[in-house]
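Readers should treat all values here as calculations from the given coordinates under stated rules, not as data from a laboratory. Since we're looking at a predicted model, the values are computed, not measured. Because the Cβ atoms are built from the backbone with ideal geometry, glycine has one as well, and the counts that use them run over all protein chains shown.
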Amino acid sequence: MASICFGLIVDSDRMRHNLGISKGLMVAEAVMMGLAPSIGRQQAHDVIYDACRTVNETGGTLTEAFAALPAVTKYVDRTTIERLTDPANYLGLASQVVDRTFASLARPDSQR
C-alpha cells in the first residue's frame, strides 16, 4: 500500500471530469438527504427518482432536472440546488482518512 500511495499522482481535473460523467446522478442520495428536511423524506425520494429518470431519458444534468421541478424550487433556490448536486460537497470524512493514512505511512513500522 505504501508504494502505491507514494507513487500516487492526483489529477484533479481528470477526477472532476470522471465525476461529471454521471451527470450528477452519483450524488442523488446526498441530494435526497439535503431536500428531506424541507419537503419530507418520501417526497424527496420521489423527486429524486423523477429527476434521475429525466436525466437518464432526456439528458441534461441532475442540477438542471432539479431546477426544473417546482416541487424543488418551491423550497430551495438555484444556489442550494448547485451546492447539493456538487460531488465535492459529498466527500464526508475522506480527507481525514487520507491524511491519517499518509501520516501513518510516514511513521516507522514499529509505531503503526
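Shown for 63, 79, 101: other C-beta atoms within 10 Å of each C-beta, ranked fewest to most, produce the order 79, 101, 63.
From the Kirkwood radius over Cα pairs of segment 13-58, Stokes-Einstein at 25 °C and 0.890 mPa s returns a whole-number translational diffusion coefficient of 217 µm²/s.
Between the listed residues 33, 7, 49, the Cα displaced farthest toward the positive end of the dipole of the chain, a dipole computed from Cβ unit charges relative to the Cα centre, is found at 7. Set against the 2.2 N^0.38 Å expectation for a compact globular protein, the chain has a Cα radius of gyration ratio of 1.39. Per residue, the chain reaches -19000 deg cm²/dmol at 222 nm when only DSSP H runs of four or more residues are counted, each adding -39500 (n - 2.57). Karplus-based coupling profile of segment 80-90, in residue order and whole Hz: 5, 4, 5, 5, 5, 9, 7, x, 5, 8, 10, with θ = phi - 60° in 6.51 cos²θ - 1.76 cosθ + 1.60 and x standing for Gly or Pro.
Note on residue 73/residue 21: beta-carbon distance plugged into 1/(1 + (r/R0)^6) with R0 of 22 Å gives a FRET efficiency of 0.25.
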